[in-house]
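*Asks:* My questions all concern the structure below.
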Amino acid sequence: MARLVADLGGNCCRLALVAQGGLSFGAAKNYRNEQFGSFRDLLTSYLAQEDAPQISEMVIAVAGPVSADVAKLTNRGWRISAQDLSAQLNGARVHVLNDLSALGHALPMLQGPDLAQVHSLGDAETHPQKLVIGIGTGFNLSPLTVTSNGAICLDSEYGHVALPLDVYQALAARLAAHLPARSGDMAGDMAAELRTEFLTEFRTVECCFSGRGFEALYAAASPDSPALPAAEIMARAQQPEISSFLDFYAQILALLARNLLKGFMPRGGLYFAGTVARSLLCSPAKEAFVAEFSRPDPQFPDIKAPVFCILDDGAALKGCAGFTFPAL
């Protein structure tokens, strides 16, 4: 009997088998979601390729909202239900969790090359209270506490929270620097309308801190440059104008992180995940992030935390492997 672990993203899914009572798994198999009409079809294909293994448990991490053991993969319209999966797996025990929660469960198992240290504070990461922050296609976070029995992770939909005031003000200042070029001889009220339109576009955390937000903010803050996909922006990081933008983006990410530090008190560390966060914080723009993030807070000078990037692409599967089912 084995535990089946799965990491279901917006475009791809990875699955692997874990021996009962173990934490490590063999080679994961990758699937493109577009090749299947439903997750049930994808799972059926995987089980057939594995010669119909006997599954006693399944833990699946989904890149989408989860409620009462039901998740929705919004970009495909898939509904992932623990009850339905249990029936498909002949009564196996099933748990569905958000992918950020899966990363939280993985933190106790991540070591050395699994992490990149962005900002160090000695042994502060031994503090049990931590925060996982995912910046990729979208934005979300998972506050957690590490206990002797593993991690306790809380649900969140923080990407839909309004942008903090200090981040909003930084965006407004960046826009003001470009208003003459954008507005020409427009009257003051027209310039104000342009500013309002710009800031409305970035009204929530996810509107600014996500792959789409990263691209949209570059296009808006660099009006004389062509719109570029996120990967191309990072590939041109050595160009002076793009380097300046990346430093600015790292600074406003640090402003957000400072707000999260006070909001969730994760003295054990902030752990960033996702392609946008990894690309930015493993680039020279990291220095701009650290400079802003490490400024003493005038109200709470003693609230500090180390910062890491999760590098392990299999971290969510590790979290699913390490998840402890509640006692029956």
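The values are calculated or read from the model by the stated rules, or taken from the named source; none is laboratory data. A quick note: this is a predicted structure, and the numbers were derived from the prediction, not measured. Note: ideal-geometry Cβ built from the backbone for every residue, glycine included; neighbour counts use all protein chains shown.
*Asks:* Only one residue in Ile310, Ile303, Ile252 is surrounded by fewer than 17 Cβ atoms within 10 Å (Cβ to Cβ) and either in contact with a Leu (Cβ under 9 Å, 6 or more places away or on another chain) or within 30 Å of Glu57 (Cα to Cα) (or both). Which one?
*Replies:* Ile303
*Asks:* Another one. In contact with a Lys or Arg (Cβ under 9 Å, 6 or more places away or on another chain), more than 21 Å from Gly22 (Cβ to Cβ) and not in a loop (DSSP other than H, G, I, E, B): does that describe Ala71?
*Replies:* yes
*Asks:* Kindly list the number of the only condition in (1) in contact with a helix residue (DSSP H, G or I) (Cβ under 7 Å, 6 or more places away or on another chain); (2) closer than 20 Å to Ala316 by Cα that fails for Ile55.
*Replies:* (1)
*Asks:* Among the residues in segment 159-180, are any at pLDDT 70 or above, of a type in the set (A, V, I, L, M) and part of a strand (DSSP E or B)?
*Replies:* The answer is yes, given that some residue of segment 159-180 is at pLDDT 70 or above, of a type in the set (A, V, I, L, M) and part of a strand (DSSP E or B).
*Asks:* In addition: Being of a type in the set (Ser, Thr, Tyr) and free of Cβ contacts under 8 Å to residues at least 24 places away in the same chain narrows it down to one residue among Ser156, Ser101, Ser148; which is it?
*Replies:* Ser148
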